[in-house]
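The values are calculated or read from the model by the stated rules, or taken from the named source; none is laboratory data. Small disclaimer: the values here were computed from a predicted structure and weren't measured. So basically every Cβ, Gly included, is an ideal-geometry build from the backbone, and we count neighbours across all protein chains shown. All accessible areas refer to the heavy atoms of the entire protein, side chains included, with ligands and DNA or RNA removed. Shrake-Rupley method; radii C 1.70, N 1.55, O 1.52, S 1.80 Å.
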Amino acid sequence: MTYAAMRRQGFSDTAGYWALNPTAVFGENRALYYERLEDADSLEPESLIRWSTYVLEGLLTDLRRLAKLGDKDFVTEGLLVPAIARGLASSRFTADEALALTIIARKVDVKAADLSSAFTGSAATRSQDIRKLLDRGVIEPIAKGKRSYRLRLAPSELTPLLVRELDQLGFLPRILRDSE
């Protein structure tokens, strides 16, 4: 009912994306969720206050996480760069590729010349290295036919690395974690 009420009150946009994630609230601590839900079934004012407090505190926590994801510095240095480093450590990326991806993450969109410190050598060699990242789907042109590039976050080799970083940062509710 709470979820339906939230949708009815407009907590989704026309494309179907929700700013608030009920799973982040109700899936974080299932035991507490069931406890609060059972308590609220009594319809006693105190139990309804406990339920409302539980939901509102969970939504506030989720909104704070959402606000962090709107902070470019946090996303770049707290999420993207560590995910790329994880990819380097797990041998998904070479050192040169990881450096190039880090440059792209920090600069947002780049041209081939911006990657000269990562892909040394001739312009042709650099183009070949960029082509490899394009073919693997880790980067993409900023527009069709353009020779400026940005990270491709999903679906790509970066996706599981980003999910792991989000989990490490406490952004995933416990219900979504592999180990629980």
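Among ALA118, ALA143, which is part of a loop (DSSP other than H, G, I, E, B) and in contact with an Asp or Glu (Cβ under 9 Å, 6 or more places away or on another chain)?
ALA118
Of everything in the range 23-55, what is among the hydroxyl-bearing types (Ser, Thr, Tyr) and closer than 12 Å to PRO173 by Cβ? Give them in sequence order.
Hits for the range 23-55 are THR23, TYR33.
For the range 16-55: of the residues being open to solvent by 50 Å² or more (accessible area, probe 1.4 Å) and under 19 Å from GLY70 (Cα atoms), which is modelled with the lowest pLDDT?
TYR17
Restricting to the range 85-112, name every residue that is open to solvent by 70 Å² or more (accessible area, probe 1.4 Å) and in a helix (DSSP H, G or I).
If the condition is that a residue be open to solvent by 70 Å² or more (accessible area, probe 1.4 Å) and in a helix (DSSP H, G or I), then ARG86, LEU88, ALA89, ASP96, LEU99, ARG106, LYS107 are the ones that fit.
Anything in the range 120-178 that is under 22 Å from the mean Cα position of the chain (by Cα) and among the charged types (D, E, K, R)? List them, or say none.
Within the range 120-178, ARG136, GLU140, ARG150, ARG152, GLU157, ARG164, GLU165, ASP167, ARG174, ARG177, ASP178 qualify.
Checking GLY70 against (1) in contact with a helix residue (DSSP H, G or I) (Cβ under 8 Å, 6 or more places away or on another chain); (2) of a type in the set (Gly, Ala, Ser); (3) exposed (fewer than 12 other Cβ atoms within 10 Å of the Cβ); (4) within 25 Å of THR23 (Cα to Cα), only one condition comes out false. Which one?
(1)
What number goes with the only condition from (1) closer than 26 Å to LEU169 by Cα; (2) at pLDDT below 70 that GLY58 does not pass?
It fails just one condition, (2).
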